[in-house]
Amino acid sequence: MKLLQAVAISVSLLVSHVVRAEEVNPYDMLEQVATKTFTRIKTEHADIQANPELLRTVMEEELLPYVDYNFAALKVLGKYFRTVPKEKIPEFIKVFRSYLITTYALALSYYNGQEVIFQPSKDVGDDSTVTVRAIVKEPGRPDINIAFKLRKSSKTDEWKAYDMVAEGISLLSSKQSEFEGILRQDGIQAVIDAMNNTISRPINLNPEAKG
């Protein structure tokens, strides 16, 4: 009897997990995650001004759980994935994870309470990839169009973002182009070193210093 009860409970938990995963709408999920992140940045504004490195913490805690950095890292390697020594892949993905945290932290260091309007949620049906668009509005400045590309895991049914596009420029594509020459000429270690160099730089909130 106890065995049957345990099996019944396990099946019930598994079914409820699958239902919850299927019910997640990537449009709603991304808006909620972004809103929570922006709200935290505003709430901790004074602390961030005193210590800009806190932005990395915010990105890692609020955004990264919803980013498919493994998929993004391999997409960046593109055709060079086949030529990269397999033992270097885990190190590359680990450093790329930190590199993404830094990249998002630098991008959101410009955020100063601007209004972000997301497109209305819609049913995704059987789609496994979606693009969620948003507009950043700031008085006296042109609107900025951004989009997030998400994919649904075939193993877990979880939706995660793998690319961000700002004014038509894909983060993934730009990094792929940036690293392609380095991969071709100097190999994967040179790319890892370049990412570590970016990661090691402090987050700077001074617009003039950013260029």
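Observations on the model:
- Proportion of all alpha-carbon pairs of the chain beyond 23 Å (%): 54 percent
- Placing +1 on each Lys and Arg Cβ and -1 on each Asp and Glu Cβ, with no other charges, gives the stretch 80-211 a dipole about its Cα centre of roughly 260 debye.
- Sites K86 and D186 - FRET efficiency at Förster radius 25 Å, r taken between beta-carbons, to 0.05: 0.85
- Backbone N within the stretch 112-151 under 11 Å of label point (7 Å from Q32 Cα along the Cβ vector): none
Quick note: the coordinates plus some simple rules give every number you see, no bench work behind them. Predicted model, so just to flag it, every value in this text is computed and none were measured. With ideal geometry, Cβ positions are generated from the backbone for all residues, glycine too; neighbour counts draw on all protein chains shown.
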